[in-house]
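Read the structure below first, then the notes.
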Amino acid sequence: MGDEKVKNEALEIMGLFQVLPRLVVFDLDYTLWPFYCECRSKREMPSLYPHAKGILCALKDKGVDVAIASRSPTADIAKTFLDKLNIKSMFVAQEIFSSWTHKTEHFQRINRRTGVPYNSMLFFDDEDRNTEAGVENGCDQHLGWERCKSWGF
């Protein structure tokens, strides 16, 4: 399915809701792309999950900001991949660093940087332990693309 078709479907689905989140926060590994950065080389050309770019574009078209909260120990590789995929500029905040606090510190930084309250955020991650940080702060959460059916794809 092409990015434009996915974007149009996502826009249609989002149109069913009276209220959208102000900010959607995404994990990277196994949420936006199907691999762990630390297992890859900067020289490789990464790929996103098939629906990811279309959904990111639809969110931007609807005026919903997007951010990244990743505990990747290889932030340099993650940032290189975001550049190679031409999506780095889509994100209003990119908190990519290893942490023992799950993602509590990531969310605190995103909140400070954007001013968006936690209860106006939606968080997608493939790991339950990471989503707990968002939920503790009042953020709604969903598991990654493969396990999340709320988009209807």
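Kindly evaluate residue 12 against the criterion of being farther than 23 Å from residue 114 by Cα, assigned to a helix (DSSP H, G or I), in contact with a Ser or Thr (Cβ under 7 Å, 6 or more places away or on another chain) and of a type outside the set (Lys, Arg). No, not satisfied. Scanning segment 15-43 for residues that are assigned to a loop (DSSP other than H, G, I, E, B) and free of Cβ contacts under 8 Å to residues at least 12 places away in the same chain gives 15, 16, 17, 18, 19, 35, 43.
For segment 44-63, a tally of residues being part of a loop (DSSP other than H, G, I, E, B) and either more than 21 Å from residue 5 (Cα to Cα) or without any contact (Cβ under 8 Å) to a residue 60 or more places away in the chain (or both) returns 8. Taken together, 62, 42, 5 contain a single residue that is within 19 Å of residue 124 (Cα to Cα) and charged (D, E, K, R), which is 62.
Here residue 114 meets the list (1) farther than 28 Å from residue 2 by Cβ; (2) exposed (fewer than 15 other Cβ atoms within 10 Å of the Cβ); (3) polar (S, T, N, Q); (4) at pLDDT 95 or above almost entirely, failing just condition (2). The residues of segment 37-47 that are surrounded by fewer than 21 Cβ atoms within 10 Å (Cβ to Cβ) and of a type in the set (A, V, I, L, M, F, W, C), listed by number, are 39, 45. Here residue 34 does not qualify as over 15 Å from the mean Cα position of the chain (by Cα), surrounded by 14 or more Cβ atoms within 10 Å (Cβ to Cβ) and not polar (S, T, N, Q).
Of the residues in segment 83-96, not one is buried (at least 16 other Cβ atoms within 10 Å of the Cβ), over 11 Å from the mean Cα position of the chain (by Cα) and basic (Lys, Arg). Residues in segment 56-77: is at least one crowded, with 17+ Cβ neighbours inside 10 Å, modelled with pLDDT under 95, out of contact with any Ser or Thr (no Cβ under 7 Å at 6 or more places or on another chain) and among the charged types (D, E, K, R)? Within segment 56-77, none of the residues are crowded, with 17+ Cβ neighbours inside 10 Å, modelled with pLDDT under 95, out of contact with any Ser or Thr (no Cβ under 7 Å at 6 or more places or on another chain) and among the charged types (D, E, K, R).
The values are calculated or read from the model by the stated rules, or taken from the named source; none is laboratory data. Quick caveat, the model's predicted, so the values are computed rather than measured. Cβ atoms come from the backbone with ideal geometry, glycine included; neighbour counts cover every protein chain shown.
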